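A.B. asks: My structure is below; once you've seen it, I'll send some questions.
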């Protein structure tokens, strides 16, 4: 039996890393030879969660070359492993829009418009009568807390909250106190270079004919990040020149107050002003109540640019 | 509440028509205002099934203009309603490859590599504890029989067979005798013009940069069809000229003996020879054991043309 690889997106976040580990467990319980791998470095928040539940990080890979794969927490090929076009995609479990994804054969694809991949995976354990071990519950709970910013994001659904309550019991921790500690562990920005900040959680999107990069940084102090605006703009311009982005949008999110400040650079700054009905001042604008890239940033930009 | 439309692909077959009707029932039981519609004429086989279970055909529509929609039995936009790009796709339930499909927002997407959409819909009734009425069971059973050619297609899985056995009980009919009658009702070719034959069950596929049309005709007498080869070739050439296909493949399938004879016309005939390891003679070749477009024709052509 050939080994099947399972992984999430580039610039992995907590949902992507833990969902690969959870999928590995789920498939192994079903008798399949599946290995969780990752496409990038573990961020501070995810490291905190793995440490808490004593689970090792997946193996790092840099490309795919004809393997059978299960994608979690993403589907868009430009967010996936280099060489993904050569893979046979057997399964996808995801909670994002579908775009730039295609297969030549039928597959198992499960997407639901919930806040977190882990919420869908938790259902799959129940549907298949499989056991959720405490550390697996802890990983899924961490993913839900991360993706919903402790249930405050507009992407958070009743199903996410219900799953978190179930998983909290199995994992044996308090979701609010653990969750705030975990988010804070990922919200430190002072110790990171501008390049590192831009790649904590960044994804590329095709919008109409445009290639748009949307990076997000969680923080407890927005001003601390923007004190370094010039350094960050230089890093954005360098990335844009290297990768040919038509627009680069950095969303800096205050996880305590649930607001964001956006920094937009590139040919299509006007699209940002139109999408959010704001005027940019020194390339920036406050986006009140915006915390979700998926629900409050990408669709709005896509509508303007398509 | 705005009405949601649900429909299958163009040139509708039995699975596409019945899956729209079944989805309408499933969603209405869940309190949603959903109407099944169709994108083309009802074929002889489907008419037989609707008559058997006393269910009216869905309303015919010719385009979509900004509605909320649920797609069944397809996802590729070129197989869907004109104007599908303007729709908000809320849900897809399908058993095909994914290609030329994208959304700007997350959605509910459920695909499984089984023989028939109805097999997935039958699961959804059970997962949601909804009642399967006898006529709905009859429609789902008809779809499974149609898509699996009475369980003989290589696309047929254990899940399809198990679903058919459950549905046979609820519908109160014998699946083998009913199934053969239904397939024969759809297999009459003598009463159809060449243009009608080409559109009983035809789909367009993007393969690499090529646009490929693959039509399938079920019959109990392959020779009866090929006695009209010249007339059929003229009709294919006219359709190809009008629509700019790079390749037109007609698969004529003997539903009793489970073989097919292929007729290929267009710039890329050589792709057919390579895909099936055959030499075309007068543009035709016998494909032993080939009955499934999805599993035995489209992936093979896609691999050669991509």
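A.B. asks: Let me confirm something: among A:104, A:99, A:153, which residue is within 14 Å of chain B (Cβ to nearest Cβ), in contact with a strand residue (DSSP E or B) (Cβ under 7 Å, 6 or more places away or on another chain) and part of a loop (DSSP other than H, G, I, E, B)?
C.D. replies: A:99
A.B. asks: Right, something else. Scan region A:122-144 for residues that are more than 16 Å from the chain's Cα centre (by Cα) and either buried (at least 17 other Cβ atoms within 10 Å of the Cβ) or in a helix (DSSP H, G or I) (or both) and report the count. Even if it seems obvious, please write down each step before you answer.
C.D. replies: First, pick out the residues of region A:122-144 that are more than 16 Å from the chain's Cα centre (by Cα): A:122-138.
Checking which are either buried (at least 17 other Cβ atoms within 10 Å of the Cβ) or in a helix (DSSP H, G or I) (or both) leaves us with A:122-127, A:132, A:134-138.
Selection size over region A:122-144: 12.
A.B. asks: Shifting gears a bit: Taking residue A:85, is it surrounded by fewer than 22 Cβ atoms within 10 Å (Cβ to Cβ) and farther than 23 Å from residue A:213 by Cα?
C.D. replies: no
A.B. asks: May I ask you to say which residue of A:291, A:252, A:278 is in contact (Cβ under 8 Å) with a residue 24 or more places away in the chain and touching a helix residue (DSSP H, G or I) at 6+ places or on another chain (Cβ under 9 Å)? Steps first, answer last, please.
C.D. replies: Details: A:291 fails: touching a helix residue (DSSP H, G or I) at 6+ places or on another chain (Cβ under 9 Å); A:278 fails: in contact (Cβ under 8 Å) with a residue 24 or more places away in the chain.
Among A:291, A:252, A:278, only A:252 is in contact (Cβ under 8 Å) with a residue 24 or more places away in the chain and touching a helix residue (DSSP H, G or I) at 6+ places or on another chain (Cβ under 9 Å).
A.B. asks: Here's a follow-up. If a residue must be more than 11 Å from chain A (Cβ to nearest Cβ) and touching a residue at least 24 places away in the same chain (Cβ under 8 Å), how many such residues does region B:71-86 contain?
C.D. replies: 9
A.B. asks: If residue B:232 passes every condition in (1) more than 14 Å from chain A (Cβ to nearest Cβ); (2) surrounded by 16 or more Cβ atoms within 10 Å (Cβ to Cβ); (3) over 23 Å from residue B:196 (Cα atoms); (4) touching a helix residue (DSSP H, G or I) at 6+ places or on another chain (Cβ under 6 Å) but one, which one does it miss?
C.D. replies: (3)
A.B. asks: Quick one: in region B:187-205, of everything that is closer than 21 Å to residue B:297 by Cα and in contact with a helix residue (DSSP H, G or I) (Cβ under 7 Å, 6 or more places away or on another chain), which residue is surrounded by the fewest Cβ atoms within 10 Å (Cβ to Cβ)?
C.D. replies: B:204
A.B. asks: Tell me which strands (runs of 3 or more DSSP E) are completely within region B:189-306 and hold 3 or more residues being farther than 29 Å from residue B:100 by Cα, or say none if there are none.
C.D. replies: Per the criteria, B:284-287.
A.B. asks: Still on this model: Checking residue B:109 against (1) within 28 Å of residue A:97 (Cβ to Cβ); (2) more than 9 Å from every other protein chain (Cβ to nearest Cβ), which test does it fail?
C.D. replies: Looking at each condition in turn, residue B:109 falls short on (2).
A.B. asks: Which numbered condition in (1) over 20 Å from residue A:90 (Cα atoms); (2) more than 11 Å from chain A (Cβ to nearest Cβ) is the only one that residue B:89 fails?
C.D. replies: Going through the list (1) over 20 Å from residue A:90 (Cα atoms); (2) more than 11 Å from chain A (Cβ to nearest Cβ), residue B:89 breaks only (2).
A.B. asks: Now for a separate question. Suppose the filter is out of contact with any strand residue (DSSP E or B) (no Cβ under 9 Å at 6 or more places or on another chain) and crowded, with 18+ Cβ neighbours inside 10 Å; does residue B:118 pass it?
C.D. replies: For residue B:118, the condition - out of contact with any strand residue (DSSP E or B) (no Cβ under 9 Å at 6 or more places or on another chain) and crowded, with 18+ Cβ neighbours inside 10 Å - is met.
A.B. asks: Then there is this: Assuming residue A:91 fulfils every condition listed in (1) in contact (Cβ under 8 Å) with a residue 24 or more places away in the chain; (2) touching a strand residue (DSSP E or B) at 6+ places or on another chain (Cβ under 6 Å) apart from one, which condition is it?
C.D. replies: (1)
A.B. asks: Let me ask you something else. Among the residues that make up region B:130-141, is at least one of them touching a residue at least 12 places away in the same chain (Cβ under 8 Å), within 13 Å of chain A (Cβ to nearest Cβ) and more than 30 Å from residue B:217 (Cα to Cα)?
C.D. replies: no
A.B. asks: Restricting the search to region A:111-121, which residues are touching a helix residue (DSSP H, G or I) at 6+ places or on another chain (Cβ under 6 Å) and outside any loop (DSSP other than H, G, I, E, B)?
C.D. replies: A:117, A:118, A:119, A:121
A.B. asks: Let me ask you something else. Working carefully through the options A:252, A:214, find the one that is buried (at least 16 other Cβ atoms within 10 Å of the Cβ), within 21 Å of residue A:154 (Cα to Cα) and within 14 Å of chain B (Cβ to nearest Cβ).
C.D. replies: After ruling out the rest, the residue left standing is A:214.
A.B. asks: Testing residue A:147 on (1) over 20 Å from the mean Cα position of the chain (by Cα); (2) touching a residue at least 12 places away in the same chain (Cβ under 8 Å); (3) surrounded by 16 or more Cβ atoms within 10 Å (Cβ to Cβ); (4) within 14 Å of chain B (Cβ to nearest Cβ), one condition comes back false. Which one is that?
C.D. replies: Every listed condition holds for residue A:147 apart from (1).
A.B. asks: Assuming residue B:56 fulfils every condition listed in (1) in contact with a helix residue (DSSP H, G or I) (Cβ under 6 Å, 6 or more places away or on another chain); (2) more than 12 Å from chain A (Cβ to nearest Cβ); (3) free of Cβ contacts under 8 Å to residues at least 60 places away in the same chain apart from one, which condition is it?
C.D. replies: So residue B:56 meets the others, but not (1).
Coordinate-derived values only; no laboratory data. It should be emphasised that the depicted structure is a prediction, and the values quoted were computed from it without experimental measurement. Neighbour counts run over all protein chains shown; Cβ positions are idealised from the backbone, glycine included.
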